[in-house]
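Below you'll find the structure, written out as structure tokens, and then a few comments.
Nothing in this text is a laboratory measurement; each read-out follows from the coordinates by a stated rule. Predicted, not measured: the structure shown is a model, and the values here were computed from it. When we count neighbours, we look across all protein chains shown, and the Cβ atoms used for this are built from the backbone with ideal geometry, even at glycine.
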Amino acid sequence: ESCPSIKNILLLDSEGNRVAVKYYSDEWPNNSVKEAFEKSLFTKTQKTNARTEDYVFNEVGGRVIPWIEPGRVSNEDLNTTEIAMFESHIIVYKFVQDLHFFVTGAENENELILVTVLQGFFDAVGLLLRGTVDKKEALENLDLILLCLDEIVDGGIILETDANVIAGKVASHSIDAAAPLSEQTISQALATAREHLARSLLK
Amino acid sequence: ADYSPFLGIEKGAVLQEARVFNDPQLDPRRCSQVITKLLYLLNQGETFTKVEATEVFFAVTKLFQSKDIGLRRMVYVMIKELSPSADEVIIVTSSLMKDMTSKTDMYRANAIRVLCRITDGTLLTQIERYLKQAIVDKNPVVASAALVSGIHLLQTNPEIVKRWSNEVQEAVQSRAALVQFHALALLHQIRQNDRLAVNKLVSSLTKGSVRSPLAQCLLIRYTSQVIRESANNNQAGDRPFYDFLEGCLRHKAEMVIFEAARAITELNGVTSRELTPAITVLQLFLSSSKPVLRFAAVRTLNKVAMTHPMAVTNCNIDMESLISDQNRSIATLAITTLLKTGNESSVDRLMKQITNFMSDIADEFKIVVVEAIRSLCLKFPLKHRSLMNFLSNILREEGGFEYKKAIVDSIVILIRDIPEAKESGLLHLCEFIEDCEFTYLSTQILHFLGIEGPKTSDPSKYIRYIYNRVHLENATVRAGAVSTLAKFGAMVDTLKPRVFVLLRRCLFDNDDEVRDRATLYLNTLGGDGAVVETGEDVKEFLFGSLDIPLVNLENSLKNYEPSEEAFDINSVPKEVKTQPLAEKKAPGKKPTGLGAPPAGPPSTVDAYEKLLSSIPEFANFGKLFKSSAPVELTEAETEYAVNVVKHIFDGHVVFQYNCTNTIPEQLLENVTVIVDASEAEEFAEVASKPLRSLPYDSPGQTFVAFEKPEGVPAVGKFSNMLRFIVKEVDPSTGEAEDDGVEDEYQLEELEVVAADYMLKVGVSNFRNAWETMDADCERVDEYGLGPRESLAEAVNAVINLLGMQPCEGTEVVLNNSRSHTCLLSGVYIGNVKVLVRLQFGLDGPKDVAMK
């Protein structure tokens, strides 16, 4: 049990409905329990995220300082990973467009390991959907999303966290050396995907 | 915009579509689409009946004919989702085994994962050879697939997986990061019960370079484990492997840095020198732009602050800026950390910041803050005014039951522990019940007012608040208010006439409990409403503590059958049974219990009492005072296992020897224990009850009874010898030979000690109980305990020596505290109530001042 483990990976839409989910822990014995968990998690994280706009300025120790610190305005940082304690789990999450990505781990799990998994999933989906990361695109390529989940975690154990490798395994028709999607093209695709994301966020 | 390719999807139709899997000319694209639809249905929580699942499974197996790689991937996922039964697995086994030996790495990796997921032990031996090869395969994806499958299979087929350790060990050296991670996880799990092997593994890997950050995190965890386990036999000198952990603080991956910092903070008895580099790293994380880093750091520092508040104070400035963090989890953790580490002068400033913060966090966070404020107030009693004000302000705001309860509990504790806070605290509570929607809290507060109110300088000012409840509330609260009024009448003579007037009005209440209480009080308080003193015995009868554990009372009442004979409260056993830690500390709880505490395990005292009274020799010994826990008189795993239970009566002691014969080839007969009481002068043997026969593995008892001076806590040492006739038993038939040999077996000595004469009986309110006891009975003494391992160890030793019940959770000693006060209560033989206040101090030679 000292091996890091993932309890579930969730991809929900902007109303908290499932796009694709995968549970690796039997803490949620049936579908209604799972749905209840997703709904309350969604509601809780919605609230925290909705505040983003209200907190541009904050009073800290009597001084008013702008919230966005230096170094945080880069495109990448705009899309930060958030974290919450929820029902004795640690949950890390990321939202983009109408898609909500969640990864759940145990209360005492190293938070940064969970983030690595979330980031791997998030970036791999971005690659596989060629930068258009939204619900419609995800549902139209649901087979890719499901394969992606299958390649990230196996029975709760982290299988792979590198988005390039994950996407490569899903998209390619082979993982042999002569794969059509070489490292080069994948990192290019990733760059385009990031750019696309940033642009749609800044709109 | 709400277009979905699965709009209007319907299970029946998709199952129909799945027939294309049977087509002689397969269309891979179309088949993939149908599988996606099936997976979509399952993912949305749809279920297939057994028949449907079987049908789909068989259809899917047909798809192995297709050479399309994309389709094959979907088939693998689909088979895992269907989790086929054993007889179905056989159908796909050969196809999967073929894929497992294929030239295509992707096939091999996935076939291994699928096969290992659905297989049982028998199949595993067939494919074991391929799996061992796969572990050391040059393709990292194949190796990882085999290793991860190994981790899963270790749970179900450990003996097989353990045979792979050579290959796994080789894989630990892999250049591929993830392979190294998976191999290390599996290798450790294979060896986890072998401490020496784990030790070796850690020693060799901490020297070399582990490439994968995940593997490095694992190594840090295993290292901490080794440190933890070696701590006991390595007292002096530097901690082994500490340098490795410290080195990891400079790793390039944040994941590893954090893992190491956390591991250092969690070291047993960590010193501030060891802590410093970890705290420095965590402090840097506090000002990171990434919420996850801030969260991880503040959560860890919060834990450190509980045991080493001074080590965290350096981070206070960073911590303060986190109060306004958008992420409320981070803000709450920051605040509670500050409350733990702050000094007296910063309290007011902190409180101002928290007030703004409280209105926009959820109840669960508020409770955490309230609890932190309570601890802070106990730490800085001089600040009680502002902290109490804060609590009363938030008490008036909106909130759920748990939150309000946390506030009320905190105020009650502050009133108890800080005398100056009492009057203002009581008034805050009075105001709260004027408009409180929770019956439970109202009755708790009323009860508490009854205890504390009469002792204040002007008790009369509370009467109005209490009497208002009689008008305005539901029956439960009204009944509580009547009892509280009566208490004021009983304790404050000058108020008695007014209380009587009010109580008389309650005689017309429409609830019978309220009327009954009023009637009882009017008739027992005496004086007919004149200014006279209430008799001590009346007070004791009405308001005294019940002296017996409620669980026991509840059990006795349940067992009581209505008859001519009235229920006798003295028949309720007083021994406290093992009490779960959680239900302690219920401030202001009514002795009659509104919410009855959860029933404890059934009392073994009853069983002993029944057993002993069934033996004629012991029948006239009177009432059983106490039975000790069993004391082992033999080492574990000897031929005969014997333990003894000491039963204490007023003028007698009975030893009950529980014997077990662990030799199948022997039958023991006429078993007795010969007791030598030469070192126990006040005891004289009066009876002995042998055990007729003791067959293999079926325990039996033999008894020896002693007489001792009545009511005197005589102590002494007894040596024991087991004497019996041993007969050989034929193990095949189970029949014993006719002739036996007399034999003896030396047992360990047993002692009757002072604690045997002490019953663990808790009191609900130690302070009240202490104050009501006569000052003449008080004895104060000091004892030097000599050098001890730790304060906690000393406290435990004294508790065990005295055999008394720790009260109010005071048996728990905080880490690193220099002094401790422990409250004990019990009943000594002859029904003498005893309360003990132990003060422990730690200064060079450890002195104990005992009151």
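Along the charge dipole of chain B, which of B:440, B:339, B:60 sits closest to the positive end, that is, farthest toward it, with unit charges on the beta carbon of Lys, Arg, Asp and Glu (+1, +1, -1, -1)?
Final value for the positive-end residue is B:60.
Can you work out ³J(HN,Hα) from phi for every residue in the stretch B:660-668, in order, using Karplus 6.51 cos²θ - 1.76 cosθ + 1.60 and θ = phi - 60°, giving whole Hz and x for Gly and Pro?
Coupling constants for the stretch B:660-668: 10, 9, 9, 9, x, 8, 10, 10, 9 Hz.
What is the stretch B:622-752 by shape, rounded, prolate or oblate, if you read a ≥ b ≥ c off the alpha carbon gyration tensor as root eigenvalues and call it rounded for a/c under 1.5, prolate for a/b larger than b/c, and oblate otherwise?
Since a/c reaches 1.5 and a/b is larger than b/c, the shape of the stretch B:622-752 is classed as prolate.
Take the alpha-carbon centre of the stretch B:677-751, take the same for the stretch B:753-774, and report the distance between them in whole Å.
One Cα centre to the other: 35 Å.
Could you give the angle, 0 to 90 degrees to the nearest 10, between helix B:86-100's Cα long axis and the longest principal axis of the Cα atoms of chain B?
50 degrees
Got a sec? Charge dipole of chain B, +1 on Cβ for Lys and Arg, -1 for Asp and Glu; which of B:714, B:746, B:181 is way out at the positive end?
B:181
Expressed as a rounded percentage, what relative contact order does chain B have, with Cα pairs under 8 Å and six or more residues apart?
Across chain B, relative contact order equals 4 percent.
Once the dipole of the stretch B:455-545 is set up with Lys and Arg at +1 and Asp and Glu at -1 on Cβ about the Cα centre, which of B:465, B:475, B:519 lies farthest towards its positive end?
The one lying farthest along the dipole's positive direction is B:465.
Charges only on Cβ, +1 for Lys and Arg, -1 for Asp and Glu: so what's the dipole of the protein assembly as shown about the Cα centre, in debye to the nearest 20?
It works out to roughly 4500 debye.
Using a Förster distance of 41 angstrom, determine the FRET efficiency expected from the C-beta separation of residue B:744 and residue B:793, and round it to 0.05.
Efficiency at R0 = 41 Å is approximately 0.60.
Can you give the FRET efficiency for residue B:393 and residue B:343, using 1/(1 + (r/R0)^6), R0 = 41 Å, r = Cβ-Cβ distance, to the nearest 0.05? Please list the in-between numbers first.
Details: r = 23 Å, r/R0 = 0.57.
Working from the Cβ atoms, E equals 0.95.
May I ask you to derive the relative contact order of the stretch B:455-545, considering only C-alpha pairs under 8 Å and at least 6 residues apart, and to give it as an integer percent?
Once divided by the residue count of the stretch B:455-545, the mean separation gives 25 percent.
For the stretch B:303-321, list residues with backbone N below 20 Å from a point placed 7 Å from the Cα of residue B:272 toward its Cβ?
B:303-319
Collect residues whose amide H, placed 1.01 Å from N in the peptide plane, falls under 5 Å from the amide H of residue B:686; neighbours closer than 5 in sequence don't count.
B:705, B:706, B:707
Explain nothing, just compute: Karplus ³J(HN,Hα) = 6.51 cos²θ - 1.76 cosθ + 1.60, θ = phi - 60°, for every residue of the stretch B:279-285 in order, whole Hz, x for Gly and Pro.
5, 4, 5, 5, 4, 4, 4
In degrees between 0 and 90, to the nearest 10, how far off the longest principal axis of chain B does helix B:213-230 point, with axes built from Cα atoms?
The angle comes out near 40 degrees.
Mind checking the full-extension length gain between residue B:494 and residue B:284? Use 0.36 nm per residue of separation minus the Cα-Cα distance, one decimal, nm.
Separation in residues times 0.36 nm, less the Cα-Cα distance, equals 69.1 nm.
Cα-Cα over 23 Å: which of B:689/B:727; B:610/B:689; B:646/B:833; A:7/B:252?
Distance filter (> 23 Å) returns A:7/B:252.
Among B:379/B:487; A:34/A:136; B:383/B:404, which pairs are too far apart, with a Cα-Cα distance over 27 Å?
B:379/B:487
Could you estimate the translational diffusion coefficient of chain B from the Stokes-Einstein equation, with Rh from the Kirkwood formula over C-alpha pairs, at 25 °C and 0.890 mPa s, in whole µm²/s?
Taking Rh from Cα pairs, D becomes 71 µm²/s.
Taking the Cα centre of the stretch B:455-545 as origin, work out the dipole magnitude from +1 charges on Lys and Arg Cβ and -1 charges on Asp and Glu Cβ, in debye rounded to 20.
420 debye
Grab the Cα-Cα distance for residue B:620 and residue B:501, subtract it from 0.36 nm times how many residues apart they are, and report the gain in nm with one decimal.
Full extension of this stretch gives 37.5 nm more.
Per residue of chain B, what 222 nm ellipticity follows from adding -39500 (n - 2.57) for every DSSP H run with n ≥ 4, rounded to the nearest 500?
-16000 deg cm²/dmol
Once phi is turned into ³J(HN,Hα) by the Karplus curve 6.51 cos²θ - 1.76 cosθ + 1.60 with θ = phi - 60°, what whole-Hz value does each residue of the stretch A:101-109 show in order, with x for glycine and proline?
Computed from phi, the couplings for the stretch A:101-109 are 9, 10, 10, 10, x, 5, 4, 9, 6 Hz.
With r defined as the distance between the Cβ atoms of residue B:613 and residue B:733 and R0 fixed at 30 Å, what FRET efficiency is calculated, to the nearest 0.05?
Numbers: r = 39 Å, r/R0 = 1.30.
Once the sixth-power term is evaluated, E becomes 0.15.
What fraction, in whole percent, of alpha-carbon pairs in the protein assembly as shown exceed 53 Å separation?
Summing the P(r) of the protein assembly as shown above 53 Å gives 39 percent of all pairs.
Using only alpha carbon pairs under 8 Å that are at least six residues apart, calculate the relative contact order of the stretch B:91-140 and give it in whole percent.
About 31 percent, as a whole number.
Using the alpha-carbon atoms, what tilt in degrees (0 to 90, nearest 10) does helix B:363-379 show relative to the longest principal axis of chain B?
The angle comes out near 50 degrees.
Report, by chain and number, residues whose modeled amide H sits under 5 Å from the one on residue B:649, excluding near sequence neighbours (fewer than 5 apart, same chain).
Counting only residues 5 or more places away or on other chains, the set is B:625, B:654.
Scan around residue B:808 for amide H atoms under 5 Å from its own, H built in the peptide plane at 1.01 Å from N, and keep only partners 5 or more places away or cross-chain.
B:585
Determine which lysines satisfy two conditions relative to residue B:200: a Cα distance under 21 Å, and not lying fewer than 8 residues away in the same chain.
Partners found: B:162.
In debye, nearest 20, what is the charge dipole magnitude of chain B about its Cα centre with +1 on Lys and Arg Cβ and -1 on Asp and Glu Cβ, if you could check?
Magnitude of the dipole: close to 5160 debye.
Does the stretch B:354-475 come out rounded, prolate or oblate by the C-alpha gyration tensor, with a ≥ b ≥ c the root eigenvalues, rounded set by a/c under 1.5 and, if not, prolate when a/b is larger than b/c and oblate if not?
oblate
Express in nm, to one decimal, how much length is gained between residue B:682 and residue B:65 on full extension, taking 0.36 nm for each residue of separation and deducting their alpha carbon distance.
212.9 nm
Check cross-link reach from residue B:207 to the aspartates and glutamates: straight Cα distance under 19 Å, and skip same-chain residues fewer than eight apart.
Within the straight-line limit of under 19 Å, residue B:207 reaches these aspartates and glutamates: B:170, B:238, B:243, B:246, B:259.
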